[in-house]
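First comes the structure, then the notes that go with it.
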Amino acid sequence: MPKSYAHKVFPKRNIAIFSMLGILLIFSFGLNLLLGSIHIPVKAALQIFFGNSGNELWETILLDFRLPKSITAILAGAALAVSGLQMQTTFRNPLAGPYVLGISSGASLGVAIMLLGISSLAAVNLGGLLASFSLAGAAIIGSMLVLLVILAVSIRVKDIMTILILGMMFGSAASALVSILQFFSDESMLKAFVIWTMGSLSSVAGMQLHVFLIIVAIGIALALLSIPMLNVMQLGDTYAKGVGVNIGLSRAVVFLSTSLLAGGVTAFCGPIGFIGIAIPHIGRMVFRTANHAVLIPGVILLGSISLLLLDTISQLPGYSISLPINSVAAIMGIPIVIYVVLKNKRFTGL
Amino acid sequence: MSNHPISISNILLGYNPLNPLLPGFSVDAPKGEIIALVGRNGIGKSTLIRTIIGEQMPLNGTVCLNGVPLKHWSRRQRARLIAYVPSEQVRIPNLFIRDFVALARFPHLGWSKSLGSNDWDLVDQSLMLVGIDHLANRDISTVSDGERQRAMIAFALAQNSDIILLDEPTAFLDLPNKYEVVRLLSNLARNQQKTIIYSTHDLQGAISEVDTLWMMLESGFVYGAPEDIAFSNKFAKLLEKSELTFDTKTGLFNNQREHTKPITLEGQGNALFWTKRLVERLGFVSTEQANTEYRVCCKPLNSAYIWEVYQHSALISKVNTLTELGVLLRKL
């Protein structure tokens, strides 16, 4: 008798959860577009999207500012959640996150050299768009350098804990260099750097958004390709080798994906914390599975929704000021992490 | 060259060529046999297992699988031929036992790594063979150690390999589970015609179930049927420098004791046997001569027993249980 096993991967419960998350994503996307310092009514927004409305100010705000920002939030949320999940699985450590390999520290170093080093040495003030593009470029170069070191190490070093420790050490070394640069830099550049570290979703637009989209798409595609390897690797190296997984290659793909995702987010939005650690836990709790074929799409949705909602909150709807996204993510994210940790005390293995 | 599933020739194990763990040796593992790998801690049992699965290079010598040297097998081919059950316990939350066992199909799947209905049938069959099909939808981090060990064996079965290597599969188990798991492995070797090698410290359990013992000793590698090793008194070498002795009459491992005080025992059957065990544990030598200082007489009384203790043929005490007898004898 032929049996159907499709229900094993996507049982009814998961289908219901995915549908609910889908609706929630559309809802939070809409909310993010409509709310802000200026409230745009739903009707007006729909008119702007499907034809033209009379209000040019609203059209500009919606299409030129809020839409790119909302898309950035979706991409960044998905990227951070997927990279965090991959790191927790690969390192079999619940505290691992997108930045555990030192990738954001590398990006910070790149930005710091750009902002604090080169500009103060050359005494030129990089202005406007050029500055923001070169910031992203510097961050990407910084994180790629860290990635190359990590890949070189992971080929030679077999033990995953050693790689984790080395990653953290590279990160600390990069942070130390950033501190030295900060110490010697002038006030305006220092402020620009500090603002970059607070994170922002609103500085990605036009060409940058395309680049960001491509980076995130490649990163997530690599993660999707890694699903079977991730499922086996979470059992530990001995099992993974036992069933014939090429550990070195699989890890390299995971590290490349993580670097693209975490490095891309850091480059375009600054180092946004907590999403990458909290969302994978929430995903495991919600879906009650260890299967990455479910977890990866799940955390993509959860990550996007979370960052959209966090951004909506950080915009302080109705006020003309906004809070740094990184701080809001931390303040909202920490209680969630604490709740998750207290609720599932069993973290042995993962 | 033999075509046994595993054939090891002139292998030298260790990390330092000048100081190998034990002298070089050759041995084969035939089809359908269960083999227990025993030896003191640190002698290289894990090293041997890691060498057979290709995780570690030997200092010298070769390992052949089905007559072909290990290095000619690709990672994937090797995974289809050998399943390895490590000693680390899998305790991943939210991982269901059926999904865990399904991961063993990895080396048999196409590029998409999705399981067909044949694969799932094999997974369910493996769960059934180890007797945990009722736990298929349980979270592996919430089951008992015995159930988890069975799930790990089911994983090896689902890998559908001719050879299964297990690193101390009984280490975490209680006594009944230890026996049941070894019994399960020996049935699998016989009925599924698999070659099963497991390392263990539980010699007593091994000698009653396995076909062959591989004994790693500092002086060299010894192998053979457990009865042969017992009969030719080779266990003595394994137990060198320890307090244990192997009783070739009973097939039991005993703690060596200084038996000094002679004692006379009278009685029959089981009662006499366990009384003898008790007095020997307490350092007496049991004899059947009647001229010793102490004498213990166990007699049936109604449906129970009574033990009478005599000193120079004068009755000094009567007790109803062996526990009380033990308390009494310790004071003498």
If you split all Cα-Cα distances of chain B into 20 Å bins from zero, what percentages do you get per bin, shortest first?
27, 43, 24, 6, 0
Averaged over B:83-96, how many beta carbons belonging to a partner chain fall within 10 Å of each residue's beta carbon?
6
What FRET efficiency, computed as 1/(1 + (r/R0)^6) with R0 = 51 Å and r the Cβ-Cβ distance, is obtained for A:ILE38 and A:ILE165, rounded to the nearest 0.05?
0.55
Which residues' amide hydrogens lie under 5 Å from the amide hydrogen of B:GLY14, considering only partners 5 or more residues apart or on another chain, with H built in the peptide plane?
B:LEU21, B:LEU59
Footprinting exposure proxy for A:PHE183, B:PHE253, B:PHE246, A:PHE27 (fewest neighbouring C-beta atoms within 10 Å first)
A:PHE183, A:PHE27, B:PHE253, B:PHE246
Across B:103-113, the residue-averaged tally of Cβ atoms belonging to other chains within 10 Å stands at 4
Can you compute the charge dipole magnitude of the protein assembly as shown about its Cα centre, using +1 on each Lys and Arg Cβ and -1 on each Asp and Glu Cβ, nothing else charged? Give it in debye, rounded to the nearest 20.
460
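Would you calculate a helix-derived [θ] at 222 nm for the protein assembly as shown, using -39,500 (n - 2.57) for each DSSP H run of n ≥ 4 and dividing by the full residue count, to the nearest 500?
On the way: 28 runs with 359 residues, N = 682.
One gets -16500 deg cm²/dmol as the mean residue ellipticity at 222 nm.
Which whole number gives the average, over all residues in A:230-242, of C-beta atoms from other chains lying within 10 Å of the residue C-beta? Numbers along the way, then the final one.
Details: counts 0, 7, 4, 0, 4, 11, 4, 3, 9, 11, 2, 8, 17.
Average per residue, whole number: 6.
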Compare the peptides A:138-147, B:88-97, A:326-335 by average per-residue count of other Cβ atoms within 10 angstrom and give them in order, highest first.
A:138-147, B:88-97, A:326-335
Using mean Cβ contacts within 10 Å as the protection proxy, how do B:319-325, A:86-92 order, highest first?
A:86-92, B:319-325
Span-like helices, chain A: DSSP H, alpha-carbon axial extent 18 Å or more, mean Kyte-Doolittle -0.5 or greater, which ones?
A:12-34, A:67-91, A:128-156, A:160-184, A:207-225, A:247-269, A:292-314, A:325-343
Determine the distance separating the Cα centre of the stretch B:254-332 from the Cα centre of the stretch A:194-215; give it in Å without decimals.
88
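By DSSP, what percent of the beta bridges with both residues in chain B are antiparallel, rounded to the nearest 5?
Values: 34 of 60 bridges.
Of those bridges, close to 55 percent are antiparallel.
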Name the residue from B:ALA136, B:PHE246, B:LEU165 whose Cα lies farthest towards the positive end of the charge dipole of the protein assembly as shown, charges +1 on Cβ of Lys and Arg and -1 on Cβ of Asp and Glu.
B:ALA136
Could you tell me which residue out of B:HIS312, B:ASN291, B:ILE92 lies farthest along the dipole of chain B toward its positive end? Charges go on the beta carbon: Lys and Arg +1, Asp and Glu -1, centred on the Cα centre.
B:ILE92
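In whole Å and largest first, what semi-axes does the C-alpha gyration tensor of the stretch A:3-343 yield when each eigenvalue is scaled by 5 and square-rooted? If you can, show how the numbers build up before the last one.
Working: eigenvalues 206, 167, 51 Å².
Equivalent ellipsoid of the stretch A:3-343: 32, 29, 16 Å, largest first.
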Return the whole-Å distance between the Cα centroid of the stretch A:165-187 and the Cα centroid of the stretch B:166-215.
55
For the stretch A:3-343, size of Cβ-based charge dipole, Lys and Arg +1, Asp and Glu -1, in debye:
1340
Positive end of the charge dipole of the stretch A:3-343 (Lys, Arg +1 and Asp, Glu -1 on Cβ, about the Cα centre): tell me which of A:ILE103, A:LEU166, A:THR90 has its Cα farthest that way.
A:THR90
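Can you give the translational diffusion coefficient of the stretch B:28-147 in µm²/s, computed by Stokes-Einstein from the Kirkwood radius over Cα pairs at 10 °C and 1.306 mPa s?
Working: Rh = 16.9 Å.
It comes out at roughly 94 µm²/s.
Which FRET efficiency value, to the nearest 0.05, is calculated for B:SER219 and A:ASN246 with the Förster distance at 35 angstrom and r the Cβ-Cβ distance?
In this case the efficiency is close to 0.30.
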Under 1.5 on a/c is rounded, so check that first for the stretch A:65-112, then, if it is not, pick prolate when a/b is larger than b/c and oblate when it is not; a ≥ b ≥ c are the square roots of the alpha carbon gyration tensor eigenvalues.
oblate
Roughly what percent of Cα-Cα pairs across the protein assembly as shown reach past 41 Å?
47
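So which of B:LYS71/B:LYS178; A:LYS241/B:LYS113; A:LYS158/A:LYS241; B:LYS237/B:LYS276; A:LYS241/B:LYS194 end up more than 23 Å apart by C-alpha?
Working: B:LYS71/B:LYS178 35 Å; A:LYS241/B:LYS113 16 Å; A:LYS158/A:LYS241 12 Å; B:LYS237/B:LYS276 27 Å; A:LYS241/B:LYS194 21 Å.
Result: B:LYS71/B:LYS178; B:LYS237/B:LYS276 exceed 23 Å.
All of the numbers you see were taken from the coordinates with simple rules; none came from a lab. Note that this is a predicted model, so its numbers are computed, not measured. Neighbour counts are summed over all protein chains in view; Cβ atoms, including those assigned to glycine, are modelled from backbone coordinates with ideal geometry.
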